[in-house]
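Down below is the structure, laid out as structure tokens.
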Amino acid sequence: MTSVSGFLEKRTVGLPAVLCHLVLLLFLVLAAGWGRDAQAEIVITDAAGREVHLARPAQRIVTNESLLLLSLALLDDDPVARIAGWAAPRRIDGGIYAAFRKRFPKIDTIPRVGGVVPGNVSAEPILGAEPDLFVVSIWQPGWETVTRQLEASGVPVLFLDGPRTTDLPPAEAAAFSLALLGDAIGARARADAFSAFVKDKYALIGARLAGVTDRPDVLIDVQAGTLCCYTPGKNNRISQAIEFAGGHNIGAEVAAGYDGQLNIEYVLGIDPKFYIGTGSPHLAALGGLVVGGGIEAEAARHSLADVTSRNLLGELTAVRQGRAFAISHQLTISALSVLALECFAKWIHPERFADLDPARSLDEINRRFLAVPLEGTFWIGLNP
């Protein structure tokens, strides 16, 4: 068998010796590169502690969480092109969806595949979308069957949140999840840049609240105006954000799990110092709290005033004294939840965070990170 050097020597007769060596060196470098490319593999340990193998950065992602769009928009200039299928696109704020559609019209052609929870998911429709990766937002019992079926068919499954993130501080958990996605699509540097931005915000808030023992009671009224009073539980990221921001979610006392419903008499008995409702543009049709993409400030404030005038909420001291606020629900449960954290801190401890400006943070995120800038009213107070 002819060696590489012998092969080159036979074809470089008459060339100066130095040139022969340069040609040989170039050949060896290229050959090494070809070998690496042929064997390249991305190996990720996801939030469920599973080892996930990708032959190359994922180009066709199917996900159970349509809000993954916002995470991808932080990492990719064309996030829509990577989504081969998703579940429940209506979970995306209608104003945000419209902004993405304006820039990426193909968003309307993304097939609806599967469901948000494993009980509504089967492998066949997912495989029909021909993905190279299936991304699940939160690990929970029930995903095992679908995971086995997909992986047996050659489609890896990546869990962004799960046992490995449960006990992490909120900023670390967010960074961990975004890093997983960044690794999966070959955009780890962008993931790390946004995570550094988020960690700086958390560090500032944590430092100013160090040693603070006054943690006022807060009612978080999820999808406000549609069902009083549905609230995040103790293990919910929204509750954790309220605690980090120096408050206490009264729902955590009753709902030990992810969420639950509070009796209005119970709420009136505690009389929390702050009321925070979450809302979305689509709730207009249901008489709920309207806030989010494409919504004008006065329309959002009027909606908040209307919601807090019903279901005896107007009897709360927080409402009567103007400590009632609205925030986009999608903001609280997406990769942009740091903006909700800043709002919570500024509302609950205004004297400590007079200079904190969530609007300035959103402007920076729009400028530095997002493929499609967010425009609208994503938070508002009852009083101007």
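The values are calculated or read from the model by the stated rules, or taken from the named source; none is laboratory data. Just so you know, these numbers come straight off a predicted model, no measurement behind them. Cβ coordinates were reconstructed from backbone atoms using ideal geometry, including for glycine residues, and neighbour counts include every protein chain displayed. Heavy atoms of the whole protein, side chains included, go into the accessibility calculation; ligands, DNA and RNA do not. Shrake-Rupley method; radii C 1.70, N 1.55, O 1.52, S 1.80 Å.
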- [ ] Please find the FRET efficiency linking ASP355 to GLU144, where r is the Cβ-Cβ separation and R0 is fixed at 56 Å, and quote it to the nearest 0.05.
- [x] 0.70
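Over the chain, what is the mean sequence separation of C-alpha contacts under 8 Å (at least six apart), divided by residue count, expressed as relative contact order in percent?
Here the relative contact order equals 16 percent.
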Open item on the list: Just to be sure I understand the curve: with the Debye formula and one point per C-alpha of the chain, what is log10 I(q)/I(0) at q = 0.07, 0.08, 0.12 Å⁻¹?
Closed with: -0.38, -0.47, -0.93
Open item on the list: Could you give each residue of the range 266-280 its phi-based ³J(HN,Hα) in whole Hz, using Karplus coefficients 6.51, -1.76, 1.60 with θ = phi - 60°, and x for Gly or Pro?
Closed with: 4, 5, 5, x, 7, 6, x, 6, 10, 10, 10, x, 9, x, 6
Task: Whole-angstrom gap from the range 213-255 to the range 312-362, using each part's C-alpha centre - done: 12
Open item on the list: Give me the percent relative contact order of the range 194-316, please, defined on Cα pairs under 8 angstrom at least 6 residues apart.
Closed with: 25
Task: Theoretical gain in end-to-end length, ASP167 to GLN321 [0.36 nm per residue, Cα-Cα removed] - done: 51.8 nm
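Provide the per residue accessible area, probe 1.4 Å, for the chain, rounded to a whole number of square angstrom. Kindly include the intermediate steps, with their values, before the conclusion.
Details: 17740 Å² over 384 residues.
Heavy-atom SASA per residue in the chain reads 46 Å².
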- [ ] Treating cross-link reach as a plain straight distance, find the lysines whose alpha-carbon is under 20 Å from the alpha-carbon of LYS234, omitting any fewer than eight places away in the same chain.
- [x] LYS273
Open item on the list: What is the angle, in °, between the Cα long axis of helix 17-39 and the longest principal axis of the Cα atoms in the chain? Nearest 10 is fine, range 0 to 90.
Closed with: 40
Open item on the list: Quick check: the angle from helix 94-103's long axis to the longest principal axis of the chain, C-alpha only, nearest 10 degrees?
Closed with: 30
TODO: Provide the gained length on full extension for the span ALA305 to ALA284, in nm with one decimal, where the gain is 0.36 nm per separating residue minus the Cα-Cα distance.
DONE: 6.2 nm
Task: Within a Gaussian network of the chain (alpha carbon springs, distance under 10 Å), most fluctuating of SER66, SER334, SER309 - done: SER309
Open item on the list: Give me the dipole magnitude in Debye, nearest 20, for the range 69-216 about the Cα centre, with unit charges on the beta carbon: positive for Lys and Arg, negative for Asp and Glu.
Closed with: 480
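Net charge around ALA354, counting only other residues with Cβ within less than 12 Å of its Cβ (Lys, Arg = +1; Asp, Glu = -1)?
With Lys, Arg at +1 and Asp, Glu at -1, the net is 0.
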TODO: Just name one of ALA55, LEU158, VAL222: the one whose Cα is farthest towards the positive end of the charge dipole of the chain (beta-carbon charges, Lys/Arg +1, Asp/Glu -1).
DONE: ALA55
